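Read through the structure below, which is laid out as structure tokens, and then see the notes.
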Amino acid sequence: MESPEDIMHVSDEAHAFIQSVKAEWSNDPRDRLDNFIEAIFQHGQQGIDYFTDANYSVSDTFFLRRANCLSLTLMAYALAKEAGFSASLNVVEIPEYWSRKQGYSILNGHINVTITDVHMGKTINSRVVDFDRRMVSQKFDSKIIQLNDVIAMYYNNKAAMAIIEGAHEVGFAYLAKSLEVQPLLDQAWVNLGVLYRMNNKYDAAEESYLRAIHNVPDDLTAKENLAVLYRYQGKFVHAAALEDEVRRQRESNPYYHLILGDEAYDRGKINEAHTHYRRAYRLDRQNHLVLSALSKTAYMRGLLEDAEQYLQRAKNHARQDVDRERYTAKLAVLSGITTLQDDY
């Protein structure tokens, strides 16, 4: 297993890249940080691929140009330090939001890095570097976290992917390492509980979930998983109480209704999915993900004009080029279908 030092190691190739960037700096120190950040993004744009399960070390991320948000942020942090800047890592306090991976619902988190240029004892420039422009546009609150916390998140991510792939022993080893680095990481305790529950270690699973809740009392994911465990054990009253608590707190989160809609859609329950998406829409009428979801249920119900209108609004509210391009392509297909039907 890679050590924290292995994860943060700056390769000779990356070191040479930093030296080449520094060689092109102007004499004005106020330009140095902006030039550095521009170089980092230009390097990333030269064929880098974003994958949620691409958890790589700093050196591998730089070489492979294939990474997730956490790995890209660690790379930027390490390269900034290598270039002589100050840097701090931040966790972004986003609402609960899930993605789907091989039938599992994965709770997403987000981090970024603040890079500061200090010249002759004075701060002359400071920038937040965030590789997900959607997070920047929504201006969520954030707080500084320590490097060890992010290293623990890295191990937890590796564990989650191993568990999904059925490599339970590997997942357990990574979770043990994560909690060794940061014993208070609630995500790791939750994933450990899931792993124990999957292997019928119910007492250990309960202890893990309770540790997560002790560390973070409002951890709804831990409470939801504890309710699942209680149902496995036949403790239906305890399960129902937890489920009601979680449901009440999630009702105001559009992403909660969005994932419920996605789950219904995957089961072929189109009308049920549409109902969930409408609830998400009432909470956030400008969320392009919600508008896109409403478009697909309208399409499945044969409401092609509604589908096109929702998709156009999704495109209008999308901030990233990649999202707008995807919606443009879908609109072209929908427009063709509508025209054919009108002609007929």
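The values are calculated or read from the model by the stated rules, or taken from the named source; none is laboratory data. On a predicted model such as this, the values are computed, not experimentally measured, just so you know. Heads up, the Cβs are rebuilt from the backbone with ideal geometry, glycines too, and the neighbour counts pull from every protein chain shown. Note: accessible area is taken over every heavy atom of the protein model, side chains too, but ligands, DNA and RNA are not part of it. Shrake-Rupley method; radii C 1.70, N 1.55, O 1.52, S 1.80 Å.
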Long-range neighbours under 7 Å by Cβ, at least six apart or interchain, first residue touching a residue at least 24 places away in the same chain (Cβ under 8 Å) and farther than 16 Å from GLY336 by Cα within segment 283-309, second of a type in the set (Gly, Ala, Ser) and not in a helix (DSSP H, G or I): LEU283/SER252; HIS288/ALA318
Members of segment 1-37 that are closer than 29 Å to ASN156 by Cβ, at pLDDT below 90 and open to solvent by 50 Å² or more (accessible area, probe 1.4 Å): MET1
For segment 63-77: of the residues being modelled with pLDDT of 90 or more and open to solvent by less than 10 Å² (accessible area, probe 1.4 Å), which is nearest to ASN148 (Cα to Cα)? LEU74
Could you list, in sequence order, all residues of segment 302-313 that are open to solvent by 60 Å² or more (accessible area, probe 1.4 Å) and outside any helix (DSSP H, G or I)? LEU303
Of all residues in segment 253-281, how many are among the β-branched types (Val, Ile, Thr) and either buried (at least 20 other Cβ atoms within 10 Å of the Cβ) or at positive phi (or both)? 1
Where the second residue is open to solvent by less than 80 Å² (accessible area, probe 1.4 Å) and of a type in the set (A, V, I, L, M, F, W, C) and the first is at pLDDT 65 or above and in a helix (DSSP H, G or I) and lies in segment 125-151, which pairs have Cβ atoms under 6 Å and are six or more apart or on separate chains? ASN148/VAL181; VAL150/LEU89; ILE151/VAL181
Single condition ASP149 does not satisfy, out of (1) of a type in the set (Asp, Glu); (2) closer than 18 Å to THR73 by Cβ; (3) open to solvent by 40 Å² or more (accessible area, probe 1.4 Å): (3)
Hey, among the residues in segment 201-226 that are in a helix (DSSP H, G or I) and of a type in the set (Asp, Glu), which one's nearest to the chain's Cα centre (by Cα)? GLU224
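Is it the case that some residue within segment 282-301 is within 30 Å of PHE131 (Cβ to Cβ), surrounded by fewer than 16 Cβ atoms within 10 Å (Cβ to Cβ) and at pLDDT 90 or above?
yes
Any idea how many residues of segment 179-193 are assigned to a helix (DSSP H, G or I) and within 16 Å of GLY109 (Cα to Cα)? Talk me through it step by step, then tell me what you get.
Within segment 179-193, the subset assigned to a helix (DSSP H, G or I) is 179-181, 186-193.
Subset that is within 16 Å of GLY109 (Cα to Cα): 186-191.
Here the count works out to 6.
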Which of the following residues is at pLDDT below 95, out of contact with any Leu (no Cβ under 9 Å at 6 or more places or on another chain) and either assigned to a helix (DSSP H, G or I) or of a type outside the set (Asp, Glu) (or both): TYR327, TYR265? TYR265
Look through segment 232-260, keep the residues that are out of contact with any helix residue (DSSP H, G or I) (no Cβ under 8 Å at 6 or more places or on another chain) and of a type in the set (D, E, K, R), and return whichever of them is nearest to LEU210 (Cα to Cα). LYS235
